[in-house]
Amino acid sequence: MEKIYDIVIIGAGPAGLTAGLYASRSKLDVVILEKNAIGGQIAITDEIENYPGAPKDSTGPTLVSRMKEQALHFGAVIEKGNVTSFDFNNKIKIVNTDDKVYKAKSVIVANGGTPKLIGCPGEKELTGKGVSYCATCDAAFFEELEVFVIGGGDSAVEEAMYLSKFARKVTIVHRRDKLRAAQSIVDKAMANDKIHFLWDTVVEEIKGDGIVESIVFKNVKSNELHEHFAHDDDGTFGVFPFIGFDPVSHLYTDVLDMEWGYLKTDDNMVTNIDGIFVAGDIRVKSLRQVVTATSDGAIASITAEKYIEENFE
C-alpha cells in the first residue's frame, strides 16, 4: 500500500524541526524534507544569547543539534530532499523531490530564506574566494587578516564579534550613521578594540583575480568613491555581507498568497489552501528570530493535527 504521511514538512530549520517534534510527539506520521544542512540560518550563527533557557555558551549548531535529537526521539523522519514541485489541489497533497514522491494529509511549508546579496559587480564571481555569508564556516580562513562586515543589524554585529576572534581588524560597513542592532550587542562591539566602523557607506564593487583584492566603497551622502586594497603582506581580505535574507518562496508563486515574497497566514499558520500551513521566516511577520520560528512551528503542527482530525477518519 502506498504510504501517506500525516504531515510533510518542507524545511528543517527551527520552525520545521519544532513542527516535527510536536507532530511526532502527538503520534503523527511525519517526514521533514531538507535539501541543505539541517538548521537553516541558525546553523551558521555562532552565538545564541536571546533564546530562552539556552546555556550561556550556546551556538547555532549546538541548539540545532538538540532540536534535531528531540524530533528524532519522538519518531520524526528527516530525509534529504530538494522539493521541485507539488500538487495541493486535492485532499491528499503531493510533494515531489528530485528523486521521490511524497503524499500527505497536510503540508507545513518552512523553507526559510537565503542570505541577501549585496548585488554589486564581483560579488558572485568572488563568493568562496573572499566573499562569504557564513562567519562560523569561514572565519578561520581570515586569521590575522582584515575583514569587512556589511550590514548594521543584529546578525552583522554578532558575526563581526565572532570574526574579531580570528581577524586582525574587522570593519563594519553600514549605509546609515547608526547601527540597527540591539543596544546590548552594539555596546559589546563598540568596546571591542578590533572592531571599527565605516558609516554612511555602501559597497559598489568587489574586485580580484580569483581572490578578493580590493573593494570599492561609496559614501551615500557625498557620493565619493574610495577603493580599499589588500595589504601587500596579506594579498587578500574577507567580505562578509549580513544584510538580511530573501524568503525561499518562488515555488509557491500564484499558489499561496504572498506579500513581498513572504507567505501570508493567519495567527494559526493557516494559508489560503486547506491542509497547507506555513511556519518560520518564510511567513509574513514582524519579527524573524529563532524563538518566533519555533513558536510558528508548534502552532502549525497543532493546527495541522486538528485539520487532520476533522477531515480524515
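The values are calculated or read from the model by the stated rules, or taken from the named source; none is laboratory data. Note that the structure is a prediction, hence the values are computed from the model and not measured. Glycine gets a Cβ as well: all are built from the backbone with ideal geometry, and neighbour counts include every protein chain shown. Each accessible area value is taken on the protein alone, full model and side chains, heavy atoms only, with ligands, DNA and RNA left out. Shrake-Rupley method; radii C 1.70, N 1.55, O 1.52, S 1.80 Å.
Site pair ASP234 and LYS264 shows an inter-label distance of 4.7 nm when each label is modelled 7 Å from Cα along Cα→Cβ.
Taking N as the number of residues in region 38-173, what is its alpha-carbon radius of gyration divided by 2.2 N^0.38 Å?
Cα Rg divided by the expected 2.2 N^0.38 Å: 1.33.
Report the full-extension gain for the segment ILE94 to LEU251: residue separation times 0.36 nm, less the Cα-Cα distance, to one decimal in nm. In short, 55.1 nm is gained.
Accessible area per residue (1.4 Å probe, heavy atoms of protein chains only) ranks ILE273, ILE243 as ILE243, ILE273, with the largest value leading. The P(r) of region 211-313 has a tail past 23 Å containing 51 percent of all C-alpha pairs.
Cβ under 10 Å from LYS169's Cβ, LYS169 left aside: what net charge do those residues give with Lys, Arg +1 and Asp, Glu -1?
Result for the local shell: -1.
Computed from the alpha carbon atoms alone, the convex hull of region 202-256 holds 143 Å³ per residue.
Just need log10 I(q)/I(0) for the chain at q = 0.07 Å⁻¹, Debye formula, equal scatterers on the alpha-carbon atoms, no solvent, rounded to two decimals. Normalising to I(0) and taking log10 leaves -0.32.
Take the chain with all the other protein chains still there, run a 1.4 Å probe, and you get 49 Å² of accessible area per residue. Heavy-atom accessible area for TRP199, with the other protein chains in place and a 1.4 Å probe, reaches approximately 80 Å². From most to least packed by mean Cβ count within 10 Å, the peptides 95-102, 71-78 give 71-78, 95-102.
Relative contact order of the chain: 21 percent, from C-alpha pairs under 8 Å at least 6 residues apart in sequence. Here region 1-54 and region 230-297 have alpha carbon centers that stand 15 Å from each other. Taking amide hydrogens as placed 1.01 Å from N in the peptide plane, the amide H of LEU263 sits under 5 Å from those of ARG283, VAL284, each at least 5 positions away in sequence or on another chain. Shown for region 97-247 is the translational diffusion coefficient from the Stokes-Einstein equation, using the Kirkwood radius over Cα pairs, a temperature of 25 °C and a viscosity of 0.890 mPa s: 150 µm²/s. The solvent-accessible area of ILE42, taken with every protein chain present and a 1.4 Å probe, is close to 10 Å². Taking every protein chain into account, the 1.4 Å probe leaves GLU309 with about 130 Å² of accessible area, to the nearest ten. Within the same chain, aspartates and glutamates fewer than 8 places from LYS100 are excluded, and of the rest, those with a Cα less than 16 Å from its Cα are GLU2, GLU34, GLU79, ASP87. Computed over region 3-104, the Cα gyration tensor eigenvalues convert (square root of 5λ each) into semi-axes of 27, 15, 10 Å, ordered from largest to smallest.
Considering every alpha-carbon pair of region 74-121, the percent of pairs per 5 Å bin, from zero through the bin containing the longest distance, is 5, 15, 22, 21, 15, 8, 7, 5, 3, 1.
Axis angle, to the nearest 10 degrees, between helix 60-73 and the longest C-alpha principal axis of the chain: 10 degrees. For the peptides 183-193, 131-141, the ranking by mean Cβ contacts within 10 Å, running from highest to lowest, is 131-141, 183-193. A convex hull fitted around the alpha carbon atoms of region 145-234 yields 96 Å³ per residue. For the chain, adding -39500 (n - 2.57) for each run of n ≥ 4 DSSP H residues and dividing by the number of residues yields -7000 deg cm²/dmol at 222 nm.
On a 0 to 90° scale, report how tilted helix 290-311 is relative to the longest principal axis of the chain, with both axes built from alpha carbons and the result rounded to the nearest 10. Approximately 20 degrees, to the nearest ten.
Beta bridges per DSSP, both residues in region 30-168: antiparallel share near 60 percent.
For region 134-139, 3J(HN,Hα) computed residue by residue from phi via the Karplus equation (6.51, -1.76, 1.60; θ = phi - 60°) reads 9, 5, 5, 6, 10, 4 Hz, glycine and proline entered as x.
DSSP assigns beta bridges within region 146-272; of those with both partners inside it, close to 50 percent run antiparallel.
By DSSP, what percent of the beta bridges with both residues in the chain are antiparallel, rounded to the nearest 5?
Details: 25 of 57 bridges.
Bridges in the chain are about 45 percent antiparallel.
Note on region 39-98: the alpha carbon radius of gyration divided by the globular reference 2.2 N^0.38 Å gives 1.54.
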